[in-house]
Amino acid sequence: MSWALVSIAVVILAFASVSKLLDGTPVTAAMVFTAAGLVLGAKAAGVVDPSPSGETVKLLAESTLAVVLFADAARIDLRALREEYRVPARLLAIGLPLTIAAGFGVALLVLGPLGWPEALILAIVLAPTDAALGQAVVTLPTLPSRIRQGLNVESGLNDGLCVPLFAAALAVATTEAGLIGGSHAVSLLIEAIGYGILFGVIGGVAAAAVVVLAVPRGYVLHSWLQIVPASGAVLAYTSAAAVGGSGFIAAFVGGVVFGGIRRRRGGEVGYLMEQLGGLLGAATFVVFGGAFLGQALGQMTWSVAAYAVLSLTLVRMVPVAIAMIGTHARPRTVAFLGWFGPRGLASIVFAVLVVEAPGRLPHESLMLTTIFVTIGLSVLAHGLTAAPLGRRYARWFAGHPRAETLQVERGATARHVGWRLSSQRDEVAAPPPD
């Protein structure tokens, strides 16, 4: 693993050296890191070859998701989203459950050997979206504000919302497979959610208290301010995990509590969390390419490929279309929202947790192959299309005459709603001319 770490560091430095040149092009960071993992992985150079079930992979994946969950949740600002809530609210409240239901049904039809608990796990694992895979879309300033922020907010929240659903589905699957008893599974689930919420609140309150009480009195050095939310995330995650709770639920709840209490007091405190999440995410995608995707491609079947394509199209786009009924959104807008639902980091981490679950599910190999092939296809397809389709949609929006039917696309134009990737500040698109 020592040479694997060296290789990952070299890849990240190489990408950093040309990152500005690649910004806005069809070549995304996730594509580069995943491709590097494939080249360096066990199926090629054999340099990056960590065990998919090893502690190193588990630690990397879990740390990455915990940081991202806390950082995303801490950015929730309901007041700033008052004029921007319609799109993300519909995508999360209607689109997300329908996406899980559609993924579940398609899995039963296409992947015959899967039992219903495994099909449900597969659907939940592939439901969260990852805005970072379509970075050109959520950072393009000429896109309508509501559309950009709708996709960004959806990505920031749906992984956290899927955590308890995933925990419940995994408990049911392990019970059905006879790996653990039913009463034990229920007990574990209650502990995971209960302790996760409890210690998430504790971690969030502790971090927020430092910002709210100590910063105004001048007790905190500016250089240490960025450490506060990172420490809160660690406190929430590790304390919950230590007593058998879900560290991911704790990280998400902790971020919500931290952001709600501090209410932007103390200035910008999320920069370090964003950069740390980006660094860990880069390493995770290299490991994904080297340890998971290469092996999955070797085991891919026509049914797996079919599910991957359907997951990124029908399973995502039809629920989004249903969610947008009644908003007067144009078909082009609905299609744009439906297509840009990349699968990425959260799905990778959930898959690692499936591997780490007690025992082995009957069709675990098929599940994991399907998950990794779907993520790999998403990295490629959404990466290649984000910049060109984003610019094309922006041109359509800018050239459209002012009309009441564009109320969803138009959105608020007074301010930018910060979210993941918000370190790349941009101006909100002005409304198209009359």
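The values are calculated or read from the model by the stated rules, or taken from the named source; none is laboratory data. None of these values were measured; they are calculated from a predicted model. Positions of Cβ are generated from backbone atoms using ideal geometry, with glycine treated the same way; all protein chains shown enter the neighbour counts.
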Q) In this structure, does residue 334 turn out to be in a helix (DSSP H, G or I) and surrounded by fewer than 20 Cβ atoms within 10 Å (Cβ to Cβ)? A) yes
Q. Conditions: (1) surrounded by fewer than 21 Cβ atoms within 10 Å (Cβ to Cβ); (2) more than 30 Å from residue 374 (Cβ to Cβ); (3) not polar (S, T, N, Q). Residue 204 meets all but one. Number of the miss?
A. (1)
Q. Restricting the search to region 263-303, which residues are crowded, with 22+ Cβ neighbours inside 10 Å and over 30 Å from residue 14 (Cβ atoms)?
A. 269
Q. Could we say that residue 289 is at pLDDT below 95 and over 13 Å from residue 372 (Cα atoms) here?
A. no
(Q) Within region 350-382, take every residue that is at pLDDT below 90 and assigned to a helix (DSSP H, G or I) and give me the one that is surrounded by the most Cβ atoms within 10 Å (Cβ to Cβ). (A) 352
Q.
Please go through (1) at pLDDT 80 or above; (2) out of contact with any His (no Cβ under 9 Å at 6 or more places or on another chain); (3) not aromatic (Phe, Trp, Tyr) for residue 132 and return the number of the only condition it doesn't satisfy.
A. (1)
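Please pick out the residue among 244, 218, 232 that is touching a helix residue (DSSP H, G or I) at 6+ places or on another chain (Cβ under 9 Å) and either free of Cβ contacts under 8 Å to residues at least 40 places away in the same chain or buried (at least 24 other Cβ atoms within 10 Å of the Cβ) (or both).
After ruling out the rest, the residue left standing is 232.
Quick grid of which residues meet (1) modelled with pLDDT of 90 or more; (2) of a type in the set (Gly, Ala, Ser); (3) under 22 Å from the mean Cα position of the chain (by Cα); (4) closer than 11 Å to residue 286 by Cα:
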| site | (1), (2), (3), (4) |
| --- | --- |
| 6 | no, no, no, no |
| 13 | yes, no, no, no |
| 20 | no, no, no, no |
| 34 | yes, no, yes, yes |
| 47 | no, no, no, no |
| 61 | no, yes, yes, no |
| 76 | no, no, yes, no |
**Q.** Number of the condition not met by residue 135 [criteria: (1) under 30 Å from residue 394 (Cβ atoms); (2) surrounded by fewer than 21 Cβ atoms within 10 Å (Cβ to Cβ); (3) touching an Asp or Glu at 6+ places or on another chain (Cβ under 9 Å)]
**A.** (2)
Q.
Looking at residue 295 and the list (1) closer than 13 Å to residue 74 by Cα; (2) in contact (Cβ under 8 Å) with a residue 40 or more places away in the chain, which single condition is not satisfied?
A. (1)
Q: Residue by residue through region 290-307, note down the ones that are within 15 Å of residue 379 (Cα to Cα) and in contact with a Ser or Thr (Cβ under 7 Å, 6 or more places away or on another chain).
A: 293, 296
**Q.** Selection status of residue 313, among the polar types (S, T, N, Q) and at pLDDT 95 or above
**A.** yes
